[in-house]
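Below is one structure, written out as structure tokens; comments come after it.
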Amino acid sequence: MKKIRKGPILLLILGLALTGYGLWGVWSAPDVLQYVVQAPSAAAENRAAELDRLIDRKEEAFKDMADIVTASAVYGVAPGQAVSAREQATALLLAVDKGYFEVFPAFLKEGRLIGDAECRARQYVCVLDEKLAFELFRGEDALDQTVTLGGEEYRVIGVARHSRQIGQADDYRVWIPLRAAASQPLLTLNVAAKPLRSSGALIMFRNTVRTRWQDGGSVYALEKEATRRLILPRMVLLALGLYAVVWLYGWMGRRTAACAALLRRDLSQSYLKQIFFRAAGIVLLLALGYAAVTGLLYLLMVFAFRPLYTFTEWVPECIVEWSSLKSVFRGLVDEASALVSVSTIEMESLSYYGGFVRWGCVALLVAALLMWMSRAERRRHRT
């Protein structure tokens, strides 16, 4: 009776679980362009004027992007802020301008979301997530109640649904207008936009925010960053696919040889006219088989080169010129070794889930190697 080694099987199951969980998180990332800079650190009175200036500059800069961006917004982020009413809790503060809930939709439970009127009029209002509203008011109606945040009082105008994702530090969220956040300790200011697909919006977005809004920040395309974290499983699938194609070509070769031997035997016993339709059917089936395997190989090649459509900076202008290859390499190194890099909530979430994908793939590869070594050892023992 064969002795089954449980280690590789358990490692295989662990790898599948880690990879599946990570893929679920990576695929849930929204298709959003983001630009993040450190928030102004001036005094509160000067900070209000600076926020107004940045909001107005963003609106002016994005007028030329209306044909490639469906929605855009500027917002500030401050994690771990104390929010108090009848009770007290700690929440992630999001100071938003108009358009934020078009870029990042929220399911409204009651009341209304922060709109253009509240943003322009600098109204001290807020939207709480439903769990925070329950925590602060112990199940009572939160609408038109007052909460204290950073020494300022904000009137609750809405309650929205929010589920904390694993990898995010704060359990709750609170949204306020950005123009009413001068006294809040904002950590970063972000510009986010929803691009039209296949519009090439990333390049124009990067140039616009850096030259016409505020320089010195970091640009992220969440769909592109999600693809980046799927490179390793893509390579694993590509290797498995190529192995399957080679095996199928070998199997088709063996079937072709067997069918040829069968036809030669029939030809030695019968006239070609008698076996013509049978021979034609066999040849047609073999041709269809080779066409199917070749089609699979074509799909694998498309799958392999698909990231180049996303990461266009990987492709040199001339692949046979050393200077072009060196220029691409230096550009990638310079981008990866930037001295200052500011992240976003969504990027941190992608990095978290990307770690599960990476270690899950490593576990799968180690499990496959151990199984192959165990199989080779059993073969040696049989011989």
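Numbers below:
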{"quantity": "Interchain or long-range residues, amide H under 5 Å from R173's placed H", "calculated": "L92, D129, L132"}
{"quantity": "Value of Rg to Rh for segment 85-129 (Rh from inverse mean 1/r over Cα pairs, i.e. Kirkwood)", "calculated": "0.96"}
{"quantity": "Segment 253-297: Cα Rg divided by the 2.2 N^0.38 Å rule of thumb", "calculated": "1.30"}
{"quantity": "Per-residue [θ]222 nm for the chain (sum of -39500 (n - 2.57) over DSSP H runs n ≥ 4, rounded to 500)", "calculated": "-17500 deg cm²/dmol"}
{"quantity": "Full-stretch length increase - L296, M235 - with 0.36 nm per residue and alpha-carbon distance subtracted", "calculated": "20.4 nm"}
{"quantity": "Table column - 3J(HN,Hα) (Hz), segment 179-195, Karplus curve with 6.51, -1.76, 1.60, x for Gly and Pro", "calculated": "5, 9, 10, 5, 8, 8, x, 5, 8, 9, 10, 10, 10, 10, 8, 9, x"}
{"quantity": "Charge dipole of the chain about the Cα centre (unit charges at C-beta), most positive-ward option of I114, Y353, A376", "calculated": "A376"}
{"quantity": "Debye intensity ratio I(q)/I(0), log10, segment 119-185, q values 0.13, 0.18, 0.19 Å⁻¹ (C-alpha model)", "calculated": "-0.36, -0.68, -0.75"}
{"quantity": "Student exercise, segment 34-217 dipole from Lys, Arg, Asp, Glu Cβ charges, in Debye to nearest 20", "calculated": "500"}
{"quantity": "Whole-Å semi-axes of the ellipsoid equivalent to the chain (Cα gyration tensor, √5λ, descending)", "calculated": "57, 26, 21"}
{"quantity": "Over segment 76-151 - Rg/Rh using Cα atoms and the Kirkwood inverse-distance radius", "calculated": "0.93"}
{"quantity": "For K131, K224, order by how many other beta-carbon atoms lie within 10 Å, fewest first", "calculated": "K224, K131"}
{"quantity": "Span from the segment 225-297 Cα centroid across to the segment 73-144 one, whole angstrom", "calculated": "61"}
{"quantity": "Segment 34-217: Cα Rg divided by the 2.2 N^0.38 Å rule of thumb", "calculated": "1.02"}
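Every number in this text was worked out from the coordinates using simple rules, so none of it is lab data. In this text the structure is predicted, and so the values were computed from the model without any measurement. Neighbour counts are summed over all protein chains in view; Cβ atoms, including those assigned to glycine, are modelled from backbone coordinates with ideal geometry.
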